[in-house]
Amino acid sequence: QVQLAESGGGLVQPGGSLRLSCAASGIVFRLYTMAWYRQAPGKQRELVASITREGWLNYADSVKGRFIIFRDNAKDTVYLQMNSLKPEDTASYLCNANVLDQAYNYWGQGTQVTVSS
């Protein structure tokens, strides 16, 4: 069974940092593009960052320079390091695994990040 288990969310003050983790099982992790999406109530789901199996990176303009996505294939885990957090970063963050042009596409359940003083 495919599982994407997110962790690391929580409440943080503006300007603070969090590191999200997504541990994958049931897939050949090294073959997948991994990504973090986020969704806030009343807003569309948006791509935050992605990393391909080759290591190519993509970031939303709103997080460039603040967030870093990286993966550890030995641990089947992808991370999102979030720095200089802003209230507008508040959302549920979902891990995504995709391969073969989304022929196989899996989602985690999400971890809540709340940025507030």
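The values are calculated or read from the model by the stated rules, or taken from the named source; none is laboratory data. Fair warning: this is a prediction, and the values are worked out from it, not measured in the lab. Cβ sites come from the backbone with ideal geometry, for glycine too, and all protein chains shown count toward neighbours. Areas reflect the complete protein model, heavy atoms only, side chains present, ligands, DNA and RNA absent. Shrake-Rupley method; radii C 1.70, N 1.55, O 1.52, S 1.80 Å.
Things worth noting here:
- Simple spin-label estimate for Gln102 and Ala74 in nanometres, 7 Å along Cα-Cβ: 3.4
- Amide H partners (placed H, <5 Å) of Arg53, local residues excluded: Thr33
- ³J(HN,Hα) computed for each position of region 23-30 - Karplus, 6.51 cos²θ - 1.76 cosθ + 1.60, integer Hz, glycine/proline x: 9, 9, 9, x, 10, 7, 3, 4
- Of the whole protein surface, Lys75 contributes about 130 Å² of accessible area at a 1.4 Å probe radius.
- For the chain, the relative contact order works out to 35 percent when only alpha carbon pairs closer than 8 Å and six or more residues apart are counted.
- Region 61-117: C-alpha gyration tensor shape, a/c 1.5 cut-off, then a/b vs b/c: prolate
- Glu54 accessible area, 1.4 Å probe, all protein chains in place, Å² to nearest 10: 110
- Length released on extending from Gln1 to Asp61, taking residue separation times 0.36 nm less the Cα-Cα span: 18.2 nm
- Rounded to whole Hz, the Karplus (6.51, -1.76, 1.60) HN-Hα couplings of region 82-94, x for glycine and proline: 10, 10, 6, 5, 10, x, 5, 7, 4, 4, 7, 9, 10
- Here Lys86 is the anchor, and the lysines within straight C-alpha reach of less than 22 Å, apart from those fewer than 8 places off in the same chain, are Lys43, Lys64.
- Between Ser117 and Leu31, the modelled label-to-label distance comes to 5.0 nm, taking each label 7 Å out from Cα in the direction of the beta carbon.
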